[in-house]
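Enquirer: Just dropping this structure here.
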Amino acid sequence: MREVFDLYTREIDADPFAAYGHLRDEHPCYWSDKAGLWILSRYDDVARAATDWEVYSSTGGNLIDDIPGGVGGTLGATDPPRHDRLRALVNAAFAKKNLSHMVALSRTVAARALADIAEKQAFDFVADFSSVVTVETLFTMLGLAARDPTEIRREVVLAISSDKDLCGRNDQQNAAFQRLEQFLADEVAQRRKTPSDDLITRLTEAKIDGDRLDDREVVLTISMFVMAGVEPLSSFMSNFALNLADFPDVRRRIARDPTLMPQAIEESLRFNTSAQRFKRTLTRDVTLHGQTMKAGDSVVLAYGAANRDDRKFPHADRFDLDRAPVGHLGFGVGPHFCIGNSLARLVTQTTMNMFLAAIPDFTLVRRDFDWLQSSNFRSPMELPLRIGA
Ligand code: HEM
């Protein structure tokens, strides 16, 4: 039987929104035979499930195609109370009040990237701006040696993508994750020998219930920051830039009045978030919309579909700068609400205001660019732009 919503097609990678509408209206609790899991798409169902961690557990991992050995050791793949203790270890580093140095740093990196772009007429927003800004800013925060952003992004992209034919991960993708893991393991070993003033050192010294985190837990936690930070943040900025190219009136309003930037970011997180879908595992049977999902079944929470639900956001398929999209699920909700939300908002606000001040008018050159092959994320692999209206 043809899949109503096929997580493993290029069409869904590029544009899941029409299919989401069909899911929400006709199959709100949908069993995908091909992927072997349930998909929830209505706002109320997704928000309730994300909050109800005792029934919708993260201990089976939160990525639909899990990274090898990633389950159980890190924030996204644990439930309270261990989850809350792990999160408490890193909370301060991500608190808004402690991020002013990150904002300053992102400003410096963005200024350099914009100076390079100024010499061109056409450029790739992903390679020339969003990935440079995110990799350099986040790696400094984490305390990782400066690396070539293009190379890092290439590895992360491979490590988090999934294989369409296997409906899961292939050897090449697993090998990319293992290379990333080895690089981080070397950094952790170095910090154990020579502590420094950074997040990796703090994690190596932290204790939960009197026990130190072991090396694997530290590596998995940092790798989650690398993957969550580099890909969703860089892709969110690119999706946002795509919205600004598609809606020139909105772009011009923000360029004229930069105080509109925060509300534009919130609407873009609702309309077009990069983090589209995450997974949970049921701890007991649940009946929803006449379907019984069994204990042990995997359930996808389609945040991107919930964000386009007219039942919650009237005319949800419209990008509306004047909407206050309170309660959008661009960063999830509940215990796993994105810990990087303030960082993502501040870096995007700072650097996109600089971008629009330097380049108030830009046009999408072509629409046939590739999208990340992923069951979780919606990420343009490039965004070819031309300066000028
Ligand atoms: C605009 C950019 C971003 C978006 C759209 C985004 C989105 C999300 C979403 C939807 C979740 C919930 C996952 C779930 O329900 O299982 C999440 C969790 C998480 N995010 Fe983000 N994220 C972004 C940026 C970042 C950044 C910059 C970092 C850190 C460097 C980060 C680190 C994390 C972590 C560690 C979690 C797991 C939190 C937990 O389980 O307690 N994210 N993110």
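Bear in mind that the values in this text are calculations on the coordinates, not laboratory data. Remember, predicted model here, so these are calculated numbers, not experimental data. So basically every Cβ, Gly included, is an ideal-geometry build from the backbone, and we count neighbours across all protein chains shown.
Enquirer: Return the inverse of the average 1/r over all pairs of distinct C-alpha atoms in the range 10-387, which is the Kirkwood hydrodynamic radius, in Å to one decimal. Mind showing how you got there, number by number?
Expert: Numbers: mean 1/r = 0.0471 Å⁻¹.
Across the range 10-387, the inverse of the average 1/r is 21.2 Å.
Enquirer: Quick check: residue separation of Gln172 and Ile208 times 0.36 nm, minus the Cα distance between them. What number comes out in nm?
Expert: Details: separation 36, 0.36 × 36 = 12.96 nm, distance 3.47 nm.
Full extension of this stretch gives 9.5 nm more.
Enquirer: Right, something else. For the range 184-292, take every pair of Cα atoms, bin their distances at 10 Å starting from 0, and report each bin as a whole percent.
Expert: 12, 25, 19, 25, 17, 2
Enquirer: Moving on. List, in the order given, every pair from Lys96/Lys207; Lys97/Lys207; Lys97/Lys312; Lys279/Lys312; Lys97/Lys120 whose Cα-Cα distance in the structure shown is over 27 Å. Working shown, then result.
Expert: Working: Lys96/Lys207 24 Å; Lys97/Lys207 24 Å; Lys97/Lys312 31 Å; Lys279/Lys312 22 Å; Lys97/Lys120 37 Å.
Going by Cα-Cα distance, Lys97/Lys312; Lys97/Lys120 fall outside the 27 Å limit.
Enquirer: Can you tally the net charge around Asp116? Count Lys and Arg as +1, Asp and Glu as -1, for every other residue whose Cβ sits under 14 Å from the Cβ of Asp116. Kindly include the intermediate steps, with their values, before the conclusion.
Expert: Numbers: positive: Arg112, Lys120; negative: Glu119, Asp124, Asp128, Glu136.
Residues close to Asp116 contribute a combined charge of -2.
Enquirer: Taking 7 Å along the Cα-to-C-beta vector as the label spot, tell me the Asp317-Arg216 distance in nanometres, rounded to one decimal.
Expert: 4.7
Enquirer: Another question, then. Given the -39500 (n - 2.57) contribution per DSSP H run of 4+ residues, what per-residue ellipticity at 222 nm results for the chain, rounded to the nearest 500 deg cm²/dmol? Let's see the in-between values first.
Expert: Numbers: 15 runs with 180 residues, N = 389.
Computed mean residue ellipticity for the chain: -14500 deg cm²/dmol.
Enquirer: Can you put Ile208, Ile152 in order of Cβ neighbours within 10 angstrom, beginning with the fewest? Each step should come with its number before you reach the end.
Expert: Numbers: Ile208 14, Ile152 22.
Least crowded to most crowded, the residues run Ile208, Ile152.
Enquirer: Please find the FRET efficiency linking Phe17 to Val326, where r is the Cβ-Cβ separation and R0 is fixed at 30 Å, and quote it to the nearest 0.05.
Expert: Details: r = 21 Å, r/R0 = 0.70.
So, using R0 = 30 Å, E works out to roughly 0.90.
Enquirer: Something else: Determine the gain in length on full extension of the stretch His289-Ala189; use 0.36 nm per residue of separation and subtract their C-alpha separation, reporting nm with one decimal. Walk me through the numbers on the way to the answer.
Expert: Details: separation 100, 0.36 × 100 = 36.00 nm, distance 5.04 nm.
Length difference between fully extended and current span is 31.0 nm.
Enquirer: Same structure again: Run the quick spin-label model on Asp197 and Gln182: label points 7 Å from Cα toward the beta carbon, then report their separation in nm to one decimal.
Expert: My value for the distance between the label points is 3.4 nm.
Enquirer: Oh, and also: Restricting things to alpha carbons, tell me how big the range 1-63 is in terms of Rg and Dmax, in Å.
Expert: 12.5, 34
Enquirer: Counting Lys and Arg as +1 and Asp and Glu as -1, what is the net charge of the other residues whose Cβ lies under 10 Å from the Cβ of Arg284? Could the numbers behind the result be given before it?
Expert: Numbers: positive: Lys294; negative: Glu54, Asp285.
So the surrounding residues net to -1.
Enquirer: Take Ala357, project a point 7 Å from its Cα along the Cβ direction, then tell me which residues of the range 106-125 have their backbone nitrogen under 20 Å from it.
Expert: It comes to 106-120, nothing else.
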